[in-house]
Amino acid sequence: EIVEINEALKANPALVNDDPYGQGWIVKIKPTNPDEINNLLTGQAAVDALTKVANEKGIKCG
């Protein structure tokens, strides 16, 4: 469930790239199963997992 949308992006969409972990957030969501948050990947683990999926699907990233 989306609980909030960052309205500031309408006036300044560059915030997504300029400050993605601060003012550039896009939406806030309410998870359907909060326990799954503990399974989210971050940092290098996320990069590795996404790279593996991309390679398996033949997707090339710049």
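For the stretch 25-57, the tally of residues that are over 16 Å from the mean Cα position of the chain (by Cα), under 23 Å from ILE2 (Cα atoms) and of a type in the set (D, E, K, R) stands at 1. Note on the stretch 25-39: residues that are in a loop (DSSP other than H, G, I, E, B) and closer than 30 Å to ALA11 by Cβ total 4. Of everything in the stretch 1-24 that's under 14 Å from the mean Cα position of the chain (by Cα) and small (Gly, Ala, Ser), which residue is surrounded by the fewest Cβ atoms within 10 Å (Cβ to Cβ)? So the residue we want is GLY22.
Checked against the criterion of being at pLDDT 95 or above and not basic (Lys, Arg), the stretch 28-40 has no qualifying residue.
The values are calculated or read from the model by the stated rules, or taken from the named source; none is laboratory data. This one's a predicted model, so the numbers in the text were calculated from it and none came from an experiment. Please note: Cβ atoms are built from the backbone with ideal geometry, for glycine as well, and neighbour counts cover all protein chains shown.
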